[in-house]
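What follows is a set of notes on a single structure, which appears directly below.
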Amino acid sequence: MTFIRTTPPRPVDVTAVFPQLAPLARPATRLHPRRGAPTPHDSSIGGPLLWPAGEPWPHCDAPHEGGGHSLVAVRLEQRVRAREAAHPDGVSSYTPEEREILEQIDWDQERPDGPVPLLPVAQLYVRDVPVLRPPGQADLLQVLWCPLDHPDLYMPKTAVVWRSADAVTDILTSPPEPLDVAWEEYVPEPCVLAPEQITEYPNSLELSQELREQLGDWSRWQAADAGVDSSYAPHLESYYRSNLSVAPGWKAGGWPQWGYTDPSPRQCPACDTAMDALLTIATFESDGNDHSWIPYEDQAAASSTDHDHSDVRRPTGVQIGSGYKMQLYACPTTPEHPHLELMQ
């Protein structure tokens with residue numbers, strides 16, 4: 001890893017105010033994606049996968065909805081943005097060769113017939129993301145998805161693959177791609193990662209009614225000398241959700257965020273075991289309510305209005321729905337069981 005990101009300590013030790021939360025602590029890994037040039041041997045978002053040359057590449061054969069853009073055009077735009085970010089002064093938007101390619105592209109395409117090759121979304125090595133619990137000797141998680149919408153799901157359909165990195169001796173260097181069509185919001189910008197281990201607590205919607213009422217009791221916060229500004233007194237549950245419970249952005253493990261829907265049971269479809277949060281795929285790394293989670297190294301850029309810093313908030317270019325999160329869940333006893341997807 002060539003860079004680090006450091007989340008500031010939480011403004012309050014919430015377990016000192018509410019000891020009942022201590023047993024509910026869960027480890028999570030904030031991924032902190034930033035645009036770069038990952039290799040198959042790196043943990044990444046949108047980067048090349050360590051995929052065996054002799055293993056079939058996964059495809060989506062479900063019905064697709066709507067059209068999209070040429071993947072060639074989307075990839076070209078990504079390269080231009082990366083070049084401009086690396087050389088913000090004196091670099092033209094397109095080379096003559098790129099302009100020629102653009103002129104030959106039909107940007108708006110009809111949806112394809114037949115199976116669609118999946119695109120790489122995330123590759124996470126356990127050495128970088130120790131919160132993962134792989135099966136057997138596996139030490140690598142790979143997530144792919146279909147870059148098109150489906151009639152029954154307003155987010156991409158995903159595939160989850162666990163493998164042992166040492167078992168891959170011959171890497172597939174040119175995986176199939178849906179070159180004809182893709183939704184631009186489903187084509188992640190290639191990103192390197194700066195994984196950071198943190199501790200999370202449940203969203204307040206997952207707490208008992210008694211504990212939620214205690215969260216809203218200003219006198220308890222005062223008695224614990226928590227140092228919370230009195231202006232938050234009418235909104236203590238919201239303060240807890242935004243600052244003390246669940247981190248924003250891309251992450252592995254931890255607690256799920258809620259809000260688009262209320263909490264609901266996530267049971268393994270194969271064995272009915274309660275499932276654990278595996279991966280959160282976020283549109284944004286932060287929003288207007290969670291500034292305390294912005295890493296020290298990004299705070300200056302996050303407060304800047306300079307367009308060159310816009311990738312700090314949405315580095316991957318991914319958009320889920322109208323700006324939501326996609327959460328993947330895995331069976332804790334048998335990770336090979338089918339996973340679940342949920343939008344929040």
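The values are calculated or read from the model by the stated rules, or taken from the named source; none is laboratory data. None of these values were measured; they are calculated from a predicted model. For neighbour counting, all protein chains shown are included, and Cβ atoms are generated from backbone atoms with ideal geometry for every residue, glycine included. Note: accessible area is taken over every heavy atom of the protein model, side chains too, but ligands, DNA and RNA are not part of it. Shrake-Rupley method; radii C 1.70, N 1.55, O 1.52, S 1.80 Å.
Selection of first residues in region 191-209 that are farther than 30 Å from residue 44 by Cβ and of second residues that are surrounded by 21 or more Cβ atoms within 10 Å (Cβ to Cβ) and among the hydrophobic types (A, V, I, L, M, F, W, C), restricted to Cβ pairs under 9 Å at least 6 apart or on distinct chains, gives the following pairs, ordered by first then second residue: 204/215; 206/255; 207/215. Whenever a residue of region 243-257 is at pLDDT below 95, it has no partner that is open to solvent by less than 10 Å² (accessible area, probe 1.4 Å) and basic (Lys, Arg) lying with C-beta atoms less than 9 angstrom away and at least six residues away or across chains. When you go through 74, 91 one by one, which is the residue that is among the β-branched types (Val, Ile, Thr), loosely packed, with under 15 Cβ neighbours inside 10 Å, at pLDDT below 95 and in contact with a helix residue (DSSP H, G or I) (Cβ under 8 Å, 6 or more places away or on another chain)? Testing whether each residue is among the β-branched types (Val, Ile, Thr), loosely packed, with under 15 Cβ neighbours inside 10 Å, at pLDDT below 95 and in contact with a helix residue (DSSP H, G or I) (Cβ under 8 Å, 6 or more places away or on another chain) leaves just 91. Within region 209-225, the set of residues being within 16 Å of residue 244 (Cβ to Cβ) and either at pLDDT 90 or above or in contact with a Pro (Cβ under 9 Å, 6 or more places away or on another chain) (or both) comprises 211, 212, 214, 215, 216, 217, 218, 220, 221. The number of residues in region 321-341 being part of a strand (DSSP E or B) and either open to solvent by 20 Å² or more (accessible area, probe 1.4 Å) or at pLDDT below 95 (or both) comes to 4. Across region 39-71, the qualifying residues are those that are crowded, with 18+ Cβ neighbours inside 10 Å and among the polar types (S, T, N, Q), and the one among them that is modelled with the lowest pLDDT is 70. Taking the stated definitions as given, is residue 300 open to solvent by 60 Å² or more (accessible area, probe 1.4 Å), of a type in the set (Gly, Ala, Ser) and free of Cβ contacts under 8 Å to residues at least 60 places away in the same chain? Answer is yes for this residue. Under the condition of being at pLDDT 95 or above, assigned to a loop (DSSP other than H, G, I, E, B) and over 13 Å from residue 248 (Cβ atoms), the residues counted in region 292-314 number 0.
Annotation: residue 235 fulfils all but one of (1) touching a strand residue (DSSP E or B) at 6+ places or on another chain (Cβ under 9 Å); (2) surrounded by fewer than 21 Cβ atoms within 10 Å (Cβ to Cβ); the unmet one is (1).
Just one of the numbered conditions (1) open to solvent by less than 10 Å² (accessible area, probe 1.4 Å); (2) assigned to a loop (DSSP other than H, G, I, E, B); (3) not β-branched (Val, Ile, Thr) is not true of residue 255; which one? The number of the failed condition is (1). The set of residues in region 185-209 being open to solvent by 30 Å² or more (accessible area, probe 1.4 Å) and assigned to a loop (DSSP other than H, G, I, E, B) consists of 190, 195, 201, 208.
How many of the residues in region 97-132 are at pLDDT 95 or above, charged (D, E, K, R) and in contact with a Leu (Cβ under 9 Å, 6 or more places away or on another chain)? Total satisfying the criteria: 1.
When region 175-188 is limited to residues that are in contact with a Ser or Thr (Cβ under 9 Å, 6 or more places away or on another chain) and at pLDDT below 95, the one that is farthest from residue 56 (Cα to Cα) turns out to be 185. Of all residues in region 149-184, those satisfying the criterion of being within 19 Å of residue 319 (Cβ to Cβ) and assigned to a strand (DSSP E or B) are 149, 150, 153, 158, 182.
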